[in-house]
1. Scan region A:256-275 and tell me whether some residue there is over 19 Å from residue A:295 (Cβ atoms), in contact with a Ser or Thr (Cβ under 6 Å, 6 or more places away or on another chain), away from chain B (no Cβ under 12 Å) and open to solvent by less than 30 Å² (accessible area, probe 1.4 Å).
2. Report yes if some residue within region A:77-100 is at positive phi, modelled with pLDDT under 90 and open to solvent by 10 Å² or more (accessible area, probe 1.4 Å); otherwise report no.
3. Out of A:129, A:90, report the one residue that is out of contact with any helix residue (DSSP H, G or I) (no Cβ under 6 Å at 6 or more places or on another chain), more than 9 Å from every other protein chain (Cβ to nearest Cβ), hydrophobic (A, V, I, L, M, F, W, C) and within 19 Å of residue A:49 (Cβ to Cβ).
4. Six or more apart or on different chains, Cβ under 8 Å: which pairs go from a residue in region B:47-60 that's under 23 Å from residue A:357 (Cα atoms) and at pLDDT 70 or above to one that's hydroxyl-bearing (Ser, Thr, Tyr) and not in a loop (DSSP other than H, G, I, E, B)? Could you list them?
5. Say we look at region A:183-216 and pick out the residues that are more than 14 Å from chain B (Cβ to nearest Cβ) and over 24 Å from residue A:320 (Cβ atoms); which of these is least open to solvent (accessible area, probe 1.4 Å)?
6. Any idea which of (1) away from chain B (no Cβ under 13 Å); (2) under 25 Å from residue A:341 (Cβ atoms) is the one residue A:67 doesn't satisfy?
7. In the set A:164, A:147, which member is out of contact with any His (no Cβ under 8 Å at 6 or more places or on another chain), surrounded by fewer than 23 Cβ atoms within 10 Å (Cβ to Cβ) and either at negative phi or modelled with pLDDT under 90 (or both)?
8. Conditions: (1) surrounded by 20 or more Cβ atoms within 10 Å (Cβ to Cβ); (2) at pLDDT below 90; (3) in a helix (DSSP H, G or I). Residue A:243 meets all but one. Number of the miss?
Amino acid sequence: MSIQLIILIIYFFFIIFLGILAVRKVKASEDLLVAGRNLGVMFVAVSVASEYMGGLGTIGTAEVAFNQGMGVIWYHIASACGLMLFGFAFAHYYRKYNVVTVPEYLYYLYDIKTWKAASVLNVVGYWFFTIIQMTALGSLVASVTGLNLQISVLICGLAMTVYLLAAGMWSVAFTSVAFMFTIGTGIPLAFWWVMQKEIPLLSTSAGVAGYAGLANALNGAGLDAVSLFSPFSLGGMAVLGYFLGGVLGIPAAQATINYSFGAKNWKVARLAPVLAAILILPLSIWTGSMGLYARAAGLTTNPKLALGATLMNIHPIIGGIGIAGIFAALISTVAGILFGCASIMSKDIWQRWLHPNTDDRYLSRWTRIWILIIGISSAFGAMTLPKILQQAFFVYSIRGALMICVAFGLWWRRAHPDAAFYSLWVALVGGIMYQFSLPINFQAYFKLHISVWCALLSLITFVIISLYSRWTTQTSNELPPFINFRRDLEEKEGNKND
Amino acid sequence: MINNIPAFLKLDLIIWGILIILFIGFTIYIYYKPAKYINKIKAQAIENKKHLGIKIYRLR
């Protein structure tokens, strides 16, 4: 058994223990769903940051650096801008209404049909996304342990479901501290080791450590170190794509921002995402540099394996800690997405929509049941559905539309409920047409990332419908399909009189 | 020594510095806001409902 594997197994059990330890914090459904709205700045910031640092931010950035150089730093710069935008401009709006989910806020802004549409689309999208991220997690574990992919996915999926079942958002907050610590020490430690100890060992580096040695090694491998070290090596369109992804993807993404809903007050809710932006920024420097090292050293020809190959080829203890860091980044993302999906499913769809006249104990029970159902089904989905990877477009297509609905509802007087409802569906239908080239190959003409394409479609739809619709007393004048607080009050008054 | 730092690292460190300064400034700004400041935050779509007399129910 390799040292890397032993470190990973110890870490794995430590995380499960930590998640279960949070169970004593849970007394009501609000503790499960939003940690009793009692999280401080550090808990919220590390939860948001570690959720955001997933496979794309670690293995993905090393892959891009391997191919195209250090221009990949813009991925995390753009993500940091998205998080700051959320903290500066959105978080206090959500916090004011004490929301639990993003669709719930759309109910306040618009109407019931928009809330229902957003709930269903979010649940389906995040369910696919959970399966996709579990597949990525299983691939990492399989490559380190030598187990087959299906067994790895099953073990990781079940373990994560167990600790989420224990205490929901409290479990995520507790484990996120450990994840952040592991990411923040394991990956930079491995980076430091590579730059100082491994690069001078390469024959082409002329015995020089650091970036000077890496440049020598890249030149020695027949590559152009100057262009690979340029911060603009990816080109303007890729950087623009990262910025649009960060700005459109974060302010209405349930899985990333729901920790802000659990903040103890609006000040914490606003400050924590800005702190999270600071925490995530250096990641692509570390992973990108290790990706370039893998190329200079000729460790692999497959860019997707650049980071893993580097960590498996350096000192086993340092490499093992680095792999634990990557594992932490992946598992925190899967846990966040699974939890976000289960929150919307249990709170919006199951309780408010389908079983409105139920109490808190019912919600607590069903939140856990839905975490179990989504966790287990996703693990089995990741084991048996390799083509699910192509369904990521579903999330990309709706998240921009959700952001547009929230942003216009906050700042545009003409924003109309019908516009919000139809812009969500137009984004989804447009996304399906774009992805599957129905009826023509749109991608060949427009050359846009699917999230940008869908956001543009929903923006146009939203503006046109809002301009041609008027708010009336009938607009969104439906009663909510559940008890409101006034009825609660009347019942309490009645009991007192009795 | 500063000349040996590659351009991408300089850029990232500058942006990191800017983020840290913004965070400190934002913390000071938030700290001096009154706790009830959040009551003044108004979303246009909710204001439209209130203007028309549509009740905003609190969800359970």
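The values are calculated or read from the model by the stated rules, or taken from the named source; none is laboratory data. Because the structure is a prediction, the values reported are computed rather than measured. Cβ atoms come from the backbone with ideal geometry, glycine included; neighbour counts cover every protein chain shown. With ligands, DNA and RNA removed, areas are computed over all heavy atoms of the protein, side chains included. Shrake-Rupley method; radii C 1.70, N 1.55, O 1.52, S 1.80 Å.
1. Within region A:256-275 (the criterion being over 19 Å from residue A:295 (Cβ atoms), in contact with a Ser or Thr (Cβ under 6 Å, 6 or more places away or on another chain), away from chain B (no Cβ under 12 Å) and open to solvent by less than 30 Å² (accessible area, probe 1.4 Å)), the answer is yes, since at least one residue qualifies.
2. yes
3. Checking each option against the conditions leaves just A:90.
4. B:56/A:108
5. A:205
6. The single condition residue A:67 does not satisfy is (2).
7. Going through A:164, A:147 in turn, the sole match is A:147.
8. (1)
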